[in-house]
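This report refers to the structure that appears directly beneath it.
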Amino acid sequence: MACYLKEEIGQVEKHLSLCDRCKEIVEVTKKIKEMEKELEELIHTTHVASINYEIWWVYNNKEDRSKYLNIMNKYSEFFSASIHAHFVAMLMALSKLYENRNNTVNINKFLISIRNKQFIDEVILVEVEQSLKNKKDLIEKICILRNNYFAHISNKLDYDEVLDKANIKYKNFRELIDLAYDLLKKISHAYNRGDVSPRRFSREDVLRLLNNLRGNIEDN
């Protein structure tokens, strides 16, 4: 009888051990899915920032702007609103990526979560964290720009004046977009989740649109 009870207790303990292991696996799987979801959201936000920057930059860089200024003047209300909308969309996406809040999905929070859960190699994580620290001053300027100027931005905005006040250059926006792509690409590779390719096709779309508009005006 004693041997029988001992055997039964052993089976029960083995079963409980398996149940605990199953719970651990389920919990780890759940955390991985949460991390993957956040990673996908960060990649999407980076795409949003990149697409809007490319469109805004066509309108604002001297080389492209000089070619299409007559088109932009002819449809001034549309292009004024478009320039404003793409600038704000880019700025808000970058702020979302780099803000330091606990109640949103952002790169800082994501890295803390990865470190706590030890999901990727320490060497890669340290490299990513250092890359972020190297751009700390610029990231702070972007967040200040969003906080201080967003409420005052109008379609008549002089971007050079606003960026001069914030001590930000046009190229700095591209730097932060490229940084986000680089960080997320390294993390995605560490997760074995494939590549993260930049979205930069919007420039070609805008140029086609402007060329079509110019062609229509010349035909008429």
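The values are calculated or read from the model by the stated rules, or taken from the named source; none is laboratory data. Treat the numbers as computed from the prediction; the structure is a model and nothing was measured. Cβ sites come from the backbone with ideal geometry, for glycine too, and all protein chains shown count toward neighbours.
Brief remarks follow.
- Positions within the range 66-89 being more than 19 Å from Ile177 (Cβ to Cβ), among the aromatic types (Phe, Trp, Tyr) and touching a residue at least 40 places away in the same chain (Cβ under 8 Å), in sequence order: Tyr68, Tyr75
- Every pair of residues 6+ apart whose Cβ atoms lie under 8 Å, when the first sits in the range 128-143 and is of a type in the set (Lys, Arg) while the second is assigned to a helix (DSSP H, G or I): Lys135/Glu175; Lys135/Leu176; Lys135/Leu179; Lys141/Ala166; Lys141/Asn172
- Any hit, the range 77-100, residues being exposed (fewer than 10 other Cβ atoms within 10 Å of the Cβ) and at pLDDT 90 or above: yes
- The range 131-179, residues that are of a type in the set (A, V, I, L, M, F, W, C), at pLDDT 90 or above and exposed (fewer than 13 other Cβ atoms within 10 Å of the Cβ): none
- Pair list, Cβ under 9 Å, 6 or more apart: the range 112-125 residue more than 22 Å from Arg101 (Cβ to Cβ), other residue of a type in the set (Val, Ile, Thr): Ile120/Ile114; Ile120/Val128; Ile120/Ile187; Ile124/Ile187
- Residue ID - nearest to Leu42 (Cα to Cα), chosen from residues in the range 78-136 that are of a type in the set (A, V, I, L, M, F, W, C) and outside any helix (DSSP H, G or I): Val105
- Only one of the numbered conditions (1) under 21 Å from the mean Cα position of the chain (by Cα); (2) closer than 19 Å to His84 by Cα; (3) modelled with pLDDT under 90 is not met by Asn192, and that is (2).
- Being under 15 Å from the mean Cα position of the chain (by Cα), surrounded by fewer than 18 Cβ atoms within 10 Å (Cβ to Cβ) and in contact (Cβ under 8 Å) with a residue 24 or more places away in the chain holds for only one residue in Asn60, Asn108, and it is Asn108.
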